[in-house]
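J.: For reference, the structure I am asking about is given below.
The values are calculated or read from the model by the stated rules, or taken from the named source; none is laboratory data. These numbers were taken from a predicted model, which means no experiment stands behind them. Cβ placement follows ideal geometry from the backbone for every residue including glycine, while neighbour counts extend to all protein chains displayed.
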Amino acid sequence: MRVGARSSIVIVEDDENIGELLGFMFRRDGFDTVMLRDGRSAEEYVAAGEPAAAVLLDVMLPYRDGFAVAAAIRADPRWRDVPIVMLTGRSLAADVERGRAIGVTDYVLKPFRPPALLGRVKSLIELARAG
Amino acid sequence: MTPTSRALATAVPVAQAGFGWANARDPFIAAAWAIGLVALTITVGLALQVLAMRARSVRRERRRDAVLAAWRPVLFERVLGGAPPLPAVSRRDEDTVLLLWTQLQDGLRGDARERLNAVGAEIDAHAMARRRLARDAALDRLLGLRTLGYLGCVADYPDVALHLDDARPYLCLAAARALVHIDPARAPGDVLPRLAARGDWPVPLFATVLGEADAREVASRFRALHATVTSEQRVRLLPLLSVLDAAIGDEILRELLANADAPDVLGAALRCVRSAGLLGDVRRLCAHPAWAVRTQAAAALGRVGGPAERDVLLGLLTDSQWWVRYRAAKALASGRFGGREEVTALASGLGDRFARDIVEHALAEDAA
């Protein structure tokens, strides 16, 4: 399995304050972060940018929703094995079912506990690197 | 004659003819001059005002950005367990800080919320919120209600509850949410009766809010209310079932499906069926005289039924109403009741041209 060598996290979140908090939390823990605010720019980044260690993706995004972005990530061979964690504030069961078909790695329900989210993303990155 | 002297020679008669403000003898021309000057003055005044407003807005925006730049890292560090000192909050920056604080509260839970509340206590967010609640502007009140809700001070409950009777539904929603945060067990008793009575309240949004309240209290209040409201109100309240425990929701639905008479109530209840435990009632309603009820019963069978319901659905394929046949065919085409060929053969075996046609239609739609 090949994942991005740099410990960078792509954070796609349209809520400015929550996005900034996530960026702060991951940077505080030693990661680089790429902050994106909508689905279209996320797809553009995936098409042009280097694969990240993980992608943190909100479900509800402007232009293209999180599922469309996740599908674009999985369609790109360079990004295919990068863990995708979806932040969902909606019915988790419905989102899990929809995401499973696309290849979403994990889900975190909003509102979330910051340390739990950080721990989950870090263990997914370790798993991806080990696998 | 030089060009300058020629211009002077023509200018004198023009002035004498009254084309100057000072010399205008014709009252119409004087009025035109006056109107022109007033219009010019107003235009210049408005342009200056627009410029001043723009400058004020840019200043406000810069100040907001500066406050956020100072507060975000400190607040984020506090949320994550650090203890950096908090910057001072001036009166005019209170809105920005409170908005940041409430937006973080919206997205976080657990220890992070408790730490935010500790910050709230340090900056006296309670006093800021009370000041906003006392103002008339809706935005001030919204911010006040949200803040008081997250602070969760029981003494604020009565004042927040007063806003449930506000004419503006969005303020009522904010008040309901604040009440649920302050006292999750008491809030359903205040919110639910008003939700039934107020036709302008968006029930699905209130259902989401009540989803955070004490589930047992919501269920018991909902059940009690259900017995007293009109059938129209019952239909309106059905989205609340989504936030109840599945077993309690099924119990309420079973009661409705067994006892309700009105086709719109039955149809709405059938639309909420998500559990196979209600199949007995659904099957019975497939023979209801109202075609709208039969349609929803067919759709419900398609959602939760199994092979045992196949014969009931096949029977509905020969219904006199197109919508009933269509829903039954869509259910059969879903794959839960057999493969394409099997369903087509079964429909053909009914000897009814309409049944065969509608199944072909449904299969073609699903294949498209």
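J.: Conditions first: (1) touching a residue at least 24 places away in the same chain (Cβ under 8 Å); (2) more than 14 Å from chain B (Cβ to nearest Cβ). A:Glu126 passes all but one, so which condition is the exception?
T.: Of (1) touching a residue at least 24 places away in the same chain (Cβ under 8 Å); (2) more than 14 Å from chain B (Cβ to nearest Cβ), only one is false for A:Glu126: (1).
J.: Counting just the residues of segment B:99-114 that are at the interface with chain A (Cβ under 8 Å from one of its Cβ atoms) and of a type in the set (Asp, Glu), which one comes out farthest from A:Glu20 (Cα to Cα)?
T.: Once the filter is applied, the top-ranked residue is B:Asp111.
J.: What's the total number of residues in segment B:86-111 that are under 26 Å from the mean Cα position of the chain (by Cα) and either in a helix (DSSP H, G or I) or closer than 23 Å to B:Glu61 by Cβ (or both)? Break it down into steps so the answer makes sense when it comes.
T.: Start the filter on segment B:86-111 by keeping residues that are under 26 Å from the mean Cα position of the chain (by Cα), which leaves B:95-110.
Narrowing the set further to residues that are either in a helix (DSSP H, G or I) or closer than 23 Å to B:Glu61 by Cβ (or both) leaves B:95-107.
Going through segment B:86-111 one residue at a time, the tally reaches 13.
J.: Next up: With a cut-off of at least 2 residues that are in contact with a Phe, Trp or Tyr (Cβ under 7 Å, 6 or more places away or on another chain) and within 26 Å of B:Ala215 (Cβ to Cβ), name the helices (runs of 4 or more DSSP H) lying wholly within segment B:136-187.
T.: Numbers: elements: B:138-151, B:157-162, B:169-182.
Those helices (runs of 4 or more DSSP H) span B:169-182.
J.: Let me ask another. Tell me which of these A:Ala53 doesn't satisfy, since it passes every other one: (1) of a type in the set (A, V, I, L, M); (2) farther than 22 Å from A:Leu109 by Cβ; (3) modelled with pLDDT of 95 or more.
T.: (3)
J.: Follow-up question, since we're still on this one. Filter segment A:83-105 for residues that are out of contact with any helix residue (DSSP H, G or I) (no Cβ under 7 Å at 6 or more places or on another chain) and either in contact (Cβ under 8 Å) with a residue 24 or more places away in the chain or part of a helix (DSSP H, G or I) (or both) and give the result. Walk me through it before giving the result.
T.: Residues of segment A:83-105 out of contact with any helix residue (DSSP H, G or I) (no Cβ under 7 Å at 6 or more places or on another chain): A:87, A:89-97, A:100-101.
A:Leu87, A:Gly89, A:Arg90, A:Leu92, A:Ala93, A:Ala94, A:Asp95, A:Val96, A:Glu97, A:Arg100, A:Ala101 - these are the residues of segment A:83-105 that are out of contact with any helix residue (DSSP H, G or I) (no Cβ under 7 Å at 6 or more places or on another chain) and either in contact (Cβ under 8 Å) with a residue 24 or more places away in the chain or part of a helix (DSSP H, G or I) (or both).
J.: For the structure I just gave you, tell me whether B:Ala15 is at pLDDT 95 or above and surrounded by 10 or more Cβ atoms within 10 Å (Cβ to Cβ).
T.: Numbers: at pLDDT 95 or above: no; surrounded by 10 or more Cβ atoms within 10 Å (Cβ to Cβ): yes.
It is false that B:Ala15 is at pLDDT 95 or above and surrounded by 10 or more Cβ atoms within 10 Å (Cβ to Cβ).
J.: Which of the residues spanning segment B:68-88 are surrounded by fewer than 19 Cβ atoms within 10 Å (Cβ to Cβ), of a type outside the set (Gly, Ala, Ser) and more than 9 Å from every other protein chain (Cβ to nearest Cβ)? Break it down stepwise before answering.
T.: Going through segment B:68-88, the residues surrounded by fewer than 19 Cβ atoms within 10 Å (Cβ to Cβ) turn out to be B:69-70, B:72-74, B:77, B:80-88.
In the following step, the residues that additionally are of a type outside the set (Gly, Ala, Ser) were identified as B:72-74, B:77, B:80, B:84-87.
B:Val74, B:Pro84, B:Pro85, B:Leu86, B:Pro87, listed by residue number.
J.: Could you list, in sequence order, the residues of segment A:86-131 that are of a type in the set (Ser, Thr, Tyr), out of contact with any strand residue (DSSP E or B) (no Cβ under 8 Å at 6 or more places or on another chain) and at pLDDT 85 or above? Write out each step before concluding.
T.: Filtering segment A:86-131 for residues of a type in the set (Ser, Thr, Tyr) gives A:88, A:91, A:105, A:107, A:123.
Then drop every residue that is not out of contact with any strand residue (DSSP E or B) (no Cβ under 8 Å at 6 or more places or on another chain), which leaves A:91, A:123.
Hit for segment A:86-131 is A:Ser123, nothing else.
J.: Another question, then. Please state which of the following conditions A:Tyr63 fails to meet, knowing it meets all the rest: (1) over 27 Å from B:Thr208 (Cβ atoms); (2) part of a loop (DSSP other than H, G, I, E, B); (3) in contact with an Asp or Glu (Cβ under 8 Å, 6 or more places away or on another chain).
T.: (1)
J.: Separate question: Being touching a strand residue (DSSP E or B) at 6+ places or on another chain (Cβ under 8 Å) and within 14 Å of another protein chain (Cβ to nearest Cβ) is the requirement here; does A:Leu22 meet it?
T.: Working: touching a strand residue (DSSP E or B) at 6+ places or on another chain (Cβ under 8 Å): yes; within 14 Å of another protein chain (Cβ to nearest Cβ): yes.
Yes; evaluated as a whole, the condition is true for this residue.
J.: Among the residues of segment A:32-58, write down those that are surrounded by fewer than 22 Cβ atoms within 10 Å (Cβ to Cβ), without any contact (Cβ under 8 Å) to a residue 40 or more places away in the chain and not in a helix (DSSP H, G or I).
T.: Across segment A:32-58, the qualifying residues are A:Asp32, A:Thr33, A:Val34, A:Met35, A:Arg37, A:Asp38, A:Gly49.
J.: Is it the case that segment B:295-308 has a residue that's farther than 21 Å from B:Leu270 by Cα and over 39 Å from the mean Cα position of the chain (by Cα)?
T.: Taking segment B:295-308 and keeping what is farther than 21 Å from B:Leu270 by Cα, we get none.
Within segment B:295-308, not a single residue is farther than 21 Å from B:Leu270 by Cα and over 39 Å from the mean Cα position of the chain (by Cα).
J.: Of all residues in segment B:207-235, which are surrounded by fewer than 19 Cβ atoms within 10 Å (Cβ to Cβ) and basic (Lys, Arg)?
T.: B:Arg216, B:Arg223
J.: Given the criteria modelled with pLDDT under 90 and assigned to a loop (DSSP other than H, G, I, E, B), does A:Arg80 qualify? Don't jump to the end; show me each part of the working.
T.: Values: modelled with pLDDT under 90: yes; assigned to a loop (DSSP other than H, G, I, E, B): yes.
In short, yes.
J.: Sticking with this one: Quick test for you: out of A:Ala116, A:Ala53, A:Ala101, A:Ala71, pick the one residue that is more than 14 Å from chain B (Cβ to nearest Cβ), of a type in the set (A, V, I, L, M) and farther than 30 Å from B:Arg274 by Cα. Step through it out loud before you land on a result.
T.: Numbers: A:Ala116 fails: more than 14 Å from chain B (Cβ to nearest Cβ); A:Ala101 fails: farther than 30 Å from B:Arg274 by Cα; A:Ala71 fails: farther than 30 Å from B:Arg274 by Cα.
Being more than 14 Å from chain B (Cβ to nearest Cβ), of a type in the set (A, V, I, L, M) and farther than 30 Å from B:Arg274 by Cα holds for just one of A:Ala116, A:Ala53, A:Ala101, A:Ala71, which is A:Ala53.
J.: Next up: Based on what the data block shows, is A:Phe67 modelled with pLDDT of 95 or more and surrounded by fewer than 21 Cβ atoms within 10 Å (Cβ to Cβ)? Lay out the reasoning, then the answer.
T.: Working: modelled with pLDDT of 95 or more: no; surrounded by fewer than 21 Cβ atoms within 10 Å (Cβ to Cβ): yes.
The answer is no for A:Phe67.
J.: List pairs: first residue in segment B:227-246 and farther than 19 Å from B:Pro263 by Cα, second residue modelled with pLDDT of 80 or more and surrounded by fewer than 15 Cβ atoms within 10 Å (Cβ to Cβ) anywhere in the structure, Cβ distance under 7 angstrom, at least six positions apart or on different chains.
T.: Taking only residues 6 or more apart or on different chains, the pairs are B:Val243/B:Gly211.
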